Amino acid sequence: MGIRESLNRNPTVVTGATVAVVVIALILIFWQSRTKTIIPPTKAYFTIDDGQSVFEDDLQKTAPFAHDGAQAVQAHMFSCNNGRTKFVGFLEKMPDKVPQQPAGQRSGRDPPRLFTSLVKTPRNKDAKWVLKLGPDGAAIIASVRCPEGDGGAPMEVFAN
């Protein structure tokens, strides 16, 4: 007796098996397509010594702010090996005096951080702070490289 004859004699079993395979396939498709719940970070890395050391603090704090008697700025941390080792790629802060909109054009809100923030290279006290969205700021951000021997592309890592 062949397979075809067995299938023809037991149509209920064949139908049940087919439905089971389809249901299992749909469950697997649903399981894989679920969006993962991503919890946004609530902390950021900061430094008071141009990136020589870093500490975690509230992400909502606007840098610079006073910390242990010094001015803290945000330290953007990177890793080239999935977070096993981290290094400071660049520093970021708001200008000491935020530019104001001309009178009559005020919207009642402060200028967005994105448009006014400054960046500089880490571990260089003499480096100048430059506009993040300017050509010099873009060059600083683009110059972040992995330390020798780590290979790969640097990926920004965030505090928990």
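Going by amide H atoms built from the backbone, whose H comes under 5 Å of the H on ALA159, apart from near neighbours?
TYR45
Simple spin-label model, 7 Å along Cα-to-Cβ: ARG145 to ASN10 in nm?
Taking the simple label geometry, ARG145 and ASN10 are separated by 6.7 nm.
Test of understanding: given the chain, find the longest segment containing no trypsin sites (Lys or Arg not before Pro) that are in a DSSP loop and have at most 10 other Cβ atoms within 10 Å.
Maximal segment without exposed cleavage sites: 37-83.
What does the charge count around HIS67 come to, taking other residues whose C-beta lies under 13 Å from its C-beta (Lys +1, Arg +1, Asp -1, Glu -1)?
Net of charged neighbours comes to -3.
What does the helix-only formula give at 222 nm for the chain: each DSSP H stretch with n ≥ 4 adding -39500 (n - 2.57), the total divided by the residues, and the result rounded to the nearest 500 deg cm²/dmol?
-8000 deg cm²/dmol
For the chain, what is the accessible area per residue in Å² when the probe is 1.4 Å?
Accessible area per residue: 73 Å².
Go ahead and run the numbers for FRET between PHE115 and ASP136, Cβ-Cβ distance against an R0 of 25 Å, rounding to 0.05.
0.95
What percent do you get for the relative contact order of the chain when only Cα pairs under 8 Å and 6+ apart count?
Relative contact order for the chain comes out at 21 percent.
May I ask for the angle, rounded to the nearest 10°, between helix 11-33 and the longest principal axis of the chain, with both axes built from Cα atoms and the value confined to 0 to 90°?
Helix 11-33 sits at roughly 0 degrees to that axis.
If I take R0 = 30 Å and measure r between the Cβ atoms of ALA66 and ARG34 in this structure, what FRET efficiency does the formula 1/(1 + (r/R0)^6) give, to the nearest 0.05?
0.10
Identify which of the listed values of semi-axes √(5λ) of the Cα gyration tensor in Å was calculated from the structure shown: (i) 55, 22, 15; (ii) 45, 19, 12; (iii) 25, 18, 13.
Checked against the structure: label (i).
The values are calculated or read from the model by the stated rules, or taken from the named source; none is laboratory data. Since this is a predicted model, take the numbers as computed values, not measurements. Because the Cβ atoms are built from the backbone with ideal geometry, glycine has one as well, and the counts that use them run over all protein chains shown. For accessibility, only protein heavy atoms count, side chains too; no ligands or nucleic acids. Shrake-Rupley method; radii C 1.70, N 1.55, O 1.52, S 1.80 Å.
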